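Scroll down for the structure; my scribbles are underneath it.
The values are calculated or read from the model by the stated rules, or taken from the named source; none is laboratory data. All figures in this text were calculated on a predicted structure; none of them were measured in a lab. All Cβ positions, glycine included, derive from the backbone under ideal geometry; neighbour counts span all protein chains shown.
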Amino acid sequence: VTLEGFELRVLHVPLVSPFTTSFGTESVREVIVVRALTSDGDGWGEIVTQASPLYSSEYTRGAWDVSLRWLMPALLDRRTVAPHEVAEILEPFVGHRMAKAGLELAVTDAALRTDGMALGTYLGAVHDRVPSGVSVGIQRDAAALVDVVGGYLDEGYARIKIKIKPGRDVADTAAVRDAFGAIGLQVDANSAYTLADIETLAELDRFDLLLIEQPLQEDDIVDHATLAARVRTPICLDESITSLKAATDALALRSASIINIKAGRVGGYLEAVRIHDLCRAAGIPVWCGGMLETGIGRAANAALAALPGFTLPGDVSASNRFYLRDIVTEPALLEDGHVRVPTGPGLGIEIDPVALEDMTVAREILRR
Ligand code: OSB
Ligand code: MG
C-alpha cells in the first residue's frame, strides 16, 4: 500500500468486571488503536500494551512514544510498503514488539482490504470457526471462582483457564475440578513462581490439567526446562516466547511442550505464523493467547487460531466476556462454544465510529 500517514488513539474501554492476575487488577482496558491512512483507504490495528509494564516491559506511553518517534516515521519514509516488509523495516529498532505488531496489522488490513482478501486466507486458516476458551481472573475466594466458572461453562465455553498465584493455586484449582469434573482446565501463573516453589507446582499434577502456563520468569528458559522435567503437567510458555528465535531455543531446551502464541508479544501476526509453522513441524501443540483485545485484535486472533497447528482451544472468547460495548459493529459472539473466523476483506470487521470516539482519550496523526 501507499502510506499517507498513521492515526494513533489511546482508548479506555470499561471491563464488565475487574480482571485480576498475579500481577494486578484492571477495570478499564487501556489500549492503542492504529489507523493506517493509505491512498486506497484505511487499515486498522491494535497495540495490545497495557497501562503499566507488568506483563511485559511494554506499556501504553512507551508504545505511543516509540511509534510516533521511530516506527511510524520509518514506515512513512518507505512510502510504499507490503505487509511482509513491515517487520524488516522496523527490525533495527530493538524490542517494542507489541507496537510493531499493531502497526503491521494496520498495514496488513489496509493491503488486504485493497486486494479483497480475508486475513484468515492470507495467514493460512483452515477452519471457519475456532473453539473458544476463557481466561478467568483470580476471584475473592474459591467459592466465588466456582460461581464465575460455572457461568462461563453455562455459556458454552470449550475450555477454562484460571489465573493462579502463590497462596491461590492448589485450593482454587481443586475447587474448580471438584465442582465441574472432567472439563478442559488449565492454569496461568504469569511468572509468579520460582524453582523454590517446585513442590507446590508438582501438587497441581493431581488435577489432570491441560497445562501450566508461564510459572516462572520471562527469561527463566533453563529453569522452565528443569521444572518441566520434574512435573507431569505439561509446561506452556507465554511471556518467554517473544520471537521465532525464542521459540526455537525453548523447544531445543525442552522448556515447554506447548506454546501460547500471541501476535502482539512476538511482533506481529506474520511472526506468529512462523512460530506456528515451527511448532507444527516439531509436533508441539500451540494455542492462541489473548490480551483483552477489542474487536480489531479479536477478529485477527480468530483468523490466526484457525491455522492447522492450533490444536488446543485459545483465549479467543466472545467480546462480551470483557466488554459491554465494543468498537466494532459486529463483536465476536460465542456460538456453540466457538467464535467465527471473519470472512470479509482484511480483518472482516467494521469500526463503529461513535463507540471509537466515545472511548478515545488521546489522539495523534502523523502524515508523511
Ligand atoms: O497471560 O494470557 C495472559 C491478559 C492480559 C495479559 C496477559 C494475559 C491475559 C489473559 C487474558 O489471560 C486473555 C484474554 O482472554 O484476552
Ligand atoms: Mg498467559
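Considering only segment 257-291, how many residues are in contact with a Ser or Thr (Cβ under 9 Å, 6 or more places away or on another chain) and within 11 Å of ligand 1 (Cβ to nearest atom)? Total satisfying the criteria: 6. Looking only at residues of segment 280-320 that are part of a helix (DSSP H, G or I), free of Cβ contacts under 8 Å to residues at least 40 places away in the same chain and surrounded by fewer than 24 Cβ atoms within 10 Å (Cβ to Cβ), we find that the one that is farthest from ligand 2 (Cβ to nearest atom) is ALA281. Here ALA51, ALA74, ALA99, ALA87 are screened, and the one residue that is over 22 Å from GLY290 (Cα atoms) and either hydrophobic (A, V, I, L, M, F, W, C) or not assigned by TED's automatic domain parsing to the domain that holds HIS12 (or both) is ALA74.
Scanning segment 168-208 for residues that are closer than 19 Å to LEU227 by Cβ, assigned to a loop (DSSP other than H, G, I, E, B) and away from ligand 1 (no atom under 16 Å from the Cβ) turns up THR194, ASP208. Of the residues making up segment 259-278, those that are away from ligand 2 (no atom under 16 Å from the Cβ) and closer than 19 Å to GLU46 by Cβ are GLY267, GLY268, TYR269, LEU270, GLU271, VAL273. Within segment 216-238, if we keep just the residues that are buried (at least 21 other Cβ atoms within 10 Å of the Cβ) and in contact (Cβ under 8 Å) with a residue 40 or more places away in the chain, the residue that is nearest to ligand 2 (Cβ to nearest atom) turns out to be ASP238.
For segment 321-353, taking the residues that are in a loop (DSSP other than H, G, I, E, B) and among the aliphatic types (A, V, I, L, M), the one that is nearest to GLY102 (Cα to Cα) is identified as LEU347.
Among residues belonging to segment 79-114 that are charged (D, E, K, R) and surrounded by 14 or more Cβ atoms within 10 Å (Cβ to Cβ), point out the one that is nearest to the chain's Cα centre (by Cα). Once the filter is applied, the top-ranked residue is ARG97. Looking only at segment 248-258, residues that are away from ligand 2 (no atom under 15 Å from the Cβ) and of a type in the set (A, V, I, L, M, F, W, C) come to 3 in all.
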